[in-house]
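First up is the structure itself, then whatever we jot down about it.
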Amino acid sequence: MSVHRIIVVRDADGSGREAALRRLAAAAAQRLDTRVAVAFLAGGTPALTDALDAAVAAGASEVILTPLAVPADANLAGWTRRVAAEWGARGPGRPPVAITTSLPRTHGERLVANAMSRPTVAIDASPAALSEPAWSRIPQHRHHVLICRGPRCSARGAARNHRRLLDVLEARGLGDDDVLVTRTGCLYPCNHGPLLIVHPEDQWYGALDEDLVTRIVDEHLIGGATVVDAARERGA
C-alpha cells in the first residue's frame, strides 16, 4: 500500500512560511518513512485539491490528512473534511482519504511554553519600516483585478487560475501600472467560484478556468469588452 500524508494549513501567509512548512514536511517524511506533502486551504500553493491530485498521480492508494494549527483549530479541520469530501466525489476510483485527530491541547501548551522559555534578543527593527514613503503612493493602474483565493475557490482551481493570470499578464507586457492584481480571501458568492472581479467596471466573473482567465486578459483587460458568457450580475 502506498500511503501519502499531507499536512494541511489554512493559508500561506508569505513565502517564508511556505518554505518552512516544506522543510517540516521533509523532516516528517524522513521520520515516518513515507511521502509527506504540504497543502493550503486558501492563498498558498498547492491548494489541497491539487495536492490530492498529485498524490493520485504519484500512485497513492491511501491519503492521510493532518490539519496543523496550534492551538488546534476545529474550523481548519472542518474545512479540510469538506474540501476532501468534495474532491473525492468528483470521480470514481479515487483513493480513500482519512484525517488525523487534532493535536492534544497539552501538545500545543508545551510548544508555546518551550518557545517562551528560549533565550531572548533585543528588538532592533526601525519603526519607520511600517510607514515608508513608498507605501503612500496609489499605483497608477488602469484596472484593478481581485482574484479570490478563499477555501472554496481554491478547492476549485483558483491557485492555477491565479498563476495563469500572472503569467498571461507578464506575457502581454502588462505590469502593475496597467493591471493591479490583488489576491483576496472569500468574496462570498462561492457557488459562482472560482471568482475574479475587474474594476473600475465592477465586473464579476465566475466559474473560472485557465482558458477563461486568458480570455479575460485579452478580451476585457486589453480589448475593453466584457466576456459575456462568463459575466455574473449582482443579485443573480
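The values are calculated or read from the model by the stated rules, or taken from the named source; none is laboratory data. What you see is a predicted model; the values in this text were computed from it and never measured. Here the Cβ positions follow ideal geometry from the backbone for every residue, glycine too, while neighbour counts run over all protein chains shown. Calculation scope for accessible area: heavy atoms of the full protein, side chains included, ligands and nucleic acids excluded. Shrake-Rupley method; radii C 1.70, N 1.55, O 1.52, S 1.80 Å.
Using label points projected 7 Å from each Cα along Cα→Cβ, tell me how many nm separate residue 214 and residue 100, to one decimal.
Placing both labels 7 Å along Cα→Cβ, they lie 4.0 nm apart.
When you count, for each residue, the other Cβ atoms within 10 Å and take the mean per peptide, how do 122-130, 144-152, 217-225 rank with the highest first?
144-152, 217-225, 122-130
Going by alpha carbons, how many degrees (0 to 90, nearest 10) lie between the helix axis of 15-32 and the longest principal axis of the chain?
In the chain, helix 15-32 runs at an angle near 30 degrees to the longest axis.
State the label only: which of (i) 17.1, 56; (ii) 20.6, 60; (iii) 18.2, 57 corresponds to Rg and Dmax of the Cα atoms in Å computed from the shown model?
(ii)
For the chain, just give the cysteines left without a disulfide-compatible partner, judged by no other Cys Cβ under 4.7 Å.
186, 190
With everything on Cα atoms, drop me the angle between helix 105-116 and the longest principal axis of the chain, reported from 0 to 90° to the nearest 10.
Compared with the principal axis, the helix lies near 80 degrees.
Using the Cα gyration tensor of region 155-203, with a ≥ b ≥ c the square roots of its eigenvalues, what is the shape: rounded (a/c below 1.5), prolate (a/b larger than b/c) or oblate (neither)?
In terms of gyration-tensor shape, oblate.
Restricting attention to region 105-144, which trypsin sites (Lys or Arg not before Pro) occupy a DSSP loop and are surrounded by at most 16 other Cβ atoms within 10 Å?
Listed in order of number, the matching sites are 137, 142.
Let me make sure I get this right: for region 1-139, a, b and c are the square roots of the gyration tensor eigenvalues over alpha carbons, sorted descending. Under 1.5 in a/c it's rounded, otherwise prolate if a/b > b/c, else oblate. Which is it?
Values: a/c = 2.28, a/b = 1.56, b/c = 1.46.
Since a/c reaches 1.5 and a/b is larger than b/c, the shape of region 1-139 is classed as prolate.
Just to confirm a number: summing +1 for Lys and Arg and -1 for Asp and Glu over residues other than residue 25 whose beta-carbon lies under 10 angstrom from that of residue 25, what do you get?
+4
Summing +1 for each Lys or Arg and -1 for each Asp or Glu, what net charge is found among the other residues whose Cβ lies under 10 Å from the Cβ of residue 143? Show your work: numbers first, answer last.
On the way: positive: 142; negative: 178, 201.
Summing Lys/Arg as +1 and Asp/Glu as -1 gives -1.
Skip the ligands, DNA and RNA, and give the accessible area per residue of the chain with a 1.4 Å probe, whole Å². Kindly include the intermediate steps, with their values, before the conclusion.
Values: 13710 Å² over 236 residues.
Spelled out: the 1.4 Å probe surface of the chain, per residue, equals 58 Å².
Rounded if a/c is under 1.5, else prolate if a/b beats b/c, else oblate: with a ≥ b ≥ c from the C-alpha gyration tensor eigenvalues square-rooted, which is region 1-50?
Oblate.
Calculated FRET efficiency, residue 134 and residue 33, Cβ-Cβ r, R0 35 Å, to nearest 0.05?
In this case the efficiency is close to 0.10.
What is the sum of charges, Lys and Arg at +1 and Asp and Glu at -1, for the other residues whose Cβ falls under 11 Å from the Cβ of residue 52?
Net charge around residue 52: -1.
Provide 8, 56, 121 ordered by accessible surface of protein heavy atoms (probe 1.4 Å), highest first.
From most accessible down to least: 121, 56, 8.
Specify the residue with the greatest mean-square fluctuation among 65, 48, 32, computed from a Gaussian network of the chain linking alpha-carbon atoms under 10 Å apart.
Residue with maximal mean-square fluctuation among 65, 48, 32: 32.
As a check on your grasp of the helix formula, calculate [θ] at 222 nm for the chain: sum -39500 (n - 2.57) over DSSP H runs of n ≥ 4, divide by the residue count, round to the nearest 500.
Value at 222 nm, helices only: -10500 deg cm²/dmol.
Quickly work out the residue 120-to-residue 19 label distance, labels modelled 7 Å from Cα along the C-beta direction, and quote it in nm with one decimal.
2.8
Residue by residue through region 166-178, which ³J(HN,Hα) values in whole Hz follow from phi under the Karplus form 6.51 cos²θ - 1.76 cosθ + 1.60 (θ = phi - 60°), with glycine and proline marked x?
5, 5, 5, 4, 5, 5, 8, x, 9, x, 4, 5, 9
Tell me, what ³J(HN,Hα) does each residue in region 46-54 have, in order and in whole Hz, if you take phi through Karplus 6.51 cos²θ - 1.76 cosθ + 1.60 with θ = phi - 60° and put x for Gly and Pro?
x, 5, 4, 5, 5, 5, 5, 4, 5
Probe radius 1.4 Å, ligands and nucleic acids ignored: give me the carbon and sulfur share of the accessible area of the chain as a rounded percent.
55
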